[in-house]
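Here is the structure we will look at, set down as structure tokens.
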Amino acid sequence: MSAALAAVEEVTGGAGTAIDLRHVTAYTAGVVRLAEAKGLRPAWGQPYGRTRRIILNAIGPHGVFDSIVIGRSSGKVLRAEVIHGNDAKVPRRATSANAVRALLMEVTPSACSQGCNAESSTACRP
């Protein structure tokens with residue numbers, strides 16, 4: 001697997017802002033594009049030690065949220081944690097790049113809207 005950096009690219013992230021993918025690998029850029037395709041609105045979080053976080057936050061209280069951890073200098077996906085809505089019992093974790101991609105592939109885009117008052121996440125899914 002090549003660790004080449006991705007081409008200069010921007011993906012629309014949270015709050016309609018673009019997320020800069022210049023200093024990540026092509027694989028990481030693909031993971032971020034997958035998160036965007038699933039409606040998770042990726043946005044850069046604050047750096048922490050040797051890592052950076054991509055914050056995931058779908059719209060509404062029943063949408064998926066949490067983060068993907070990226071190596072600060074390598075630009076590689078390290079791990080991720082996602083929580084399926086505010087009524088989720090436990091977060092789902094992935095501890096490798098391939099596991100993170102598989103975890104995001106399982107995410108169902110939420111039909112929940114801002115201000116949703118449904119009892120559970122299943123009540124606002126199509």
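The values are calculated or read from the model by the stated rules, or taken from the named source; none is laboratory data. A quick note: this is a predicted structure, and the numbers were derived from the prediction, not measured. Here Cβ is always computed from backbone atoms with ideal geometry, including for glycine, and neighbour counts include all displayed protein chains.
Among the residues of region 69-92, those that are under 17 Å from Thr108 (Cα atoms), assigned to a strand (DSSP E or B) and in contact (Cβ under 8 Å) with a residue 24 or more places away in the chain comprise Ala80, Val82, His84.
Looking at Ser110, Ser74 in this structure, which one is at pLDDT below 80, of a type outside the set (D, E, K, R) and surrounded by 13 or more Cβ atoms within 10 Å (Cβ to Cβ)? Walk me through it before giving the result.
Numbers: Ser74 fails: at pLDDT below 80.
So the residue among Ser110, Ser74 that is at pLDDT below 80, of a type outside the set (D, E, K, R) and surrounded by 13 or more Cβ atoms within 10 Å (Cβ to Cβ) is Ser110.
Restricting attention to region 8-50, and to residues there that are part of a strand (DSSP E or B) and modelled with pLDDT of 85 or more, which single residue is surrounded by the most Cβ atoms within 10 Å (Cβ to Cβ)? Going through the qualifying residues, I end up with Thr25.
The set of residues in region 95-107 being outside any helix (DSSP H, G or I), without any contact (Cβ under 8 Å) to a residue 60 or more places away in the chain and more than 13 Å from Tyr27 (Cα to Cα) consists of Thr95, Glu106. Taken together, Arg92, Arg53 contain a single residue that is farther than 15 Å from Tyr27 by Cα, surrounded by 17 or more Cβ atoms within 10 Å (Cβ to Cβ) and either in contact with a strand residue (DSSP E or B) (Cβ under 7 Å, 6 or more places away or on another chain) or of a type in the set (Ser, Thr, Tyr) (or both), which is Arg53. Run Leu56 past the list (1) closer than 23 Å to Asp20 by Cβ; (2) at pLDDT 95 or above; (3) of a type in the set (A, V, I, L, M) and report the number of the one that doesn't hold. Against the list (1) closer than 23 Å to Asp20 by Cβ; (2) at pLDDT 95 or above; (3) of a type in the set (A, V, I, L, M), Leu56 comes up short only on (2).
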